[in-house]
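Q: Got a structure for you, questions after.
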Amino acid sequence: MNYKSALIVGAGAGLSASLARAFTKAGMSVALAARSVDKLNGLAKETGAKAYACDATNRAQVEKLFANMMEAGPGAPDVVVYNASYRTRGSFTDLDPAEVEKAIQVTAFGGFLVAQAAARHMLPRSHGAILFTGASASVKGYAQSAPFAMAKFALRGLAQSMARELSPQGIHVAHFVIDGGIKSVRRAVPPDNPDSLLDPDAIAASYLHVLAQPRNAWTQELELRPWVEKF
């Protein structure tokens with residue numbers, strides 16, 4: 001593995017926790033960022049990660065996050081994962097514009113702020129990776145889910161544009177389409193439908209696989225789905 005430190009923004013249980021464990025096992029130091037750090041105490045203790053409070057939609061807080069990491073050591077991360085999102089559902093004509101704005105702010109604009117700060121630290125070294133967690137909504141707009149589709153489409157477009165600009169400068173930008181539900185403590189796999197939900201540990205293994213790719217064979221987008229998902 002050619003990376004030494006990782007930052008996961010929008011950290012919590014589920015995929016973020018699996019990523020933190022996988023990165024730690026791969027020998028990387030890990031930092032976790034979320035609006036509230038209280039929920040990160042257990043994971044931080046388990047993985048030896050440092051936890052930072054940060055609202056990814058706030059430019060000043062994002063800049064402070066990277067400044068704090070620079071001060072605390074080992075410095076700016078060479079892997080940054082944007083895993084934050086916000087979803088609101090409802091009939092299109094009944095959607096609350098404030099909630100729609102929040103979905104775009106958290107899911108897409110926050111991704112821009114974090115990625116911009118990360119790229120500014122990575123470019124002088126011509127080295128780094130910026131990874132975005134997408135969803136089925138990144139490529140499919142579902143009924144009563146317009147805000148999430150708007151936001152995830154925007155995040156995917158951001159990743160594509162960044163990859164075309166930054167990849168030739170040594171920064172690996174990749175977008176992951178998580179096309180299906182992820183199993184969790186609150187969302188168990190149905191006994192009559194085995195392996196019908198994505199395993200977060202298996203997803204994390206795919207993130208590691210992408211990070212291990214040589215630069216003459218980088219992927220910009222990877223789709224992951226359980227075997228029963230229709231696409």
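Q: What does the C-alpha gyration tensor say about the overall shape of segment 95-231? Classify as rounded when a/c is under 1.5, otherwise prolate if a/b is larger than b/c, or oblate.
A: Working: a/c = 2.29, a/b = 1.28, b/c = 1.79.
It comes out oblate by the Cα gyration axes.
Q: Calculate the dipole size of the chain relative to its Cα centre from +1 charges on Lys and Arg beta carbons and -1 charges on Asp and Glu beta carbons; express the result in debye to the nearest 20.
A: Details: 24 positive and 19 negative charges, 64 e Å.
Dipole about the Cα centre, nearest 20: 300 debye.
Q: Leaving out same-chain residues fewer than 8 places away, which lysines sit with a Cα under 22 Å from that of residue 140?
A: In chain and number order, the partners are 102, 152, 183, 230.
Q: Hey, can you rank 111-122, 192-203, 54-65 by average C-beta count inside 10 Å, highest first? Can you show the working numbers first?
A: Numbers: 111-122: 21.2, 192-203: 14.8, 54-65: 18.7.
Final packing ranking: 111-122, 54-65, 192-203.
Q: Read phi for every residue in segment 182-193 and hand back ³J(HN,Hα) as whole Hz from Karplus 6.51 cos²θ - 1.76 cosθ + 1.60, θ = phi - 60°, with x for Gly and Pro.
A: Ordered by residue, 3J(HN,Hα) equals 9, 6, 7, 4, 8, 9, 7, 6, x, x, 8, 9 Hz.
Q: Once R0 is set to 41 Å, what does the formula 1/(1 + (r/R0)^6) return for the Cβ-Cβ distance between residue 193 and residue 24, expressed as a FRET efficiency to the nearest 0.05?
A: Working: r = 32 Å, r/R0 = 0.78.
Computed FRET efficiency for residue 193 and residue 24: 0.80.
Q: Moving to a separate point now. By how many nm would the segment from residue 143 to residue 2 lengthen if fully extended, with 0.36 nm per residue of separation less the alpha-carbon distance? Display every interim value, and only then the final one.
A: On the way: separation 141, 0.36 × 141 = 50.76 nm, distance 4.19 nm.
Residue separation times 0.36 nm, minus the Cα-Cα distance, leaves 46.6 nm.
Q: Could you work out the relative contact order of the chain? I mean the mean sequence separation of Cα pairs under 8 Å and 6+ apart, divided by the number of residues, in percent.
A: 19 percent
Q: While we're on this one: By a straight-distance test (C-alpha under 13 Å), which aspartates and glutamates pair with residue 25 as possible cross-link partners, with residues fewer than eight away in the same chain excluded?
A: Straight-distance partners of residue 25: 46, 201.
Q: For residue 211, tell me the accessible area in Å² from a 1.4 Å probe, rounded to the nearest 10.
A: For residue 211, solvent-accessible area is about 10 Å².
The values are calculated or read from the model by the stated rules, or taken from the named source; none is laboratory data. All values reported here derive from a predicted model rather than from experimental measurement. Every residue, glycine among them, receives a Cβ derived from its backbone with ideal geometry; neighbour counts consider all protein chains shown. We work out accessible area using only protein heavy atoms, side chains counted, and drop any ligands, DNA or RNA first. Shrake-Rupley method; radii C 1.70, N 1.55, O 1.52, S 1.80 Å.
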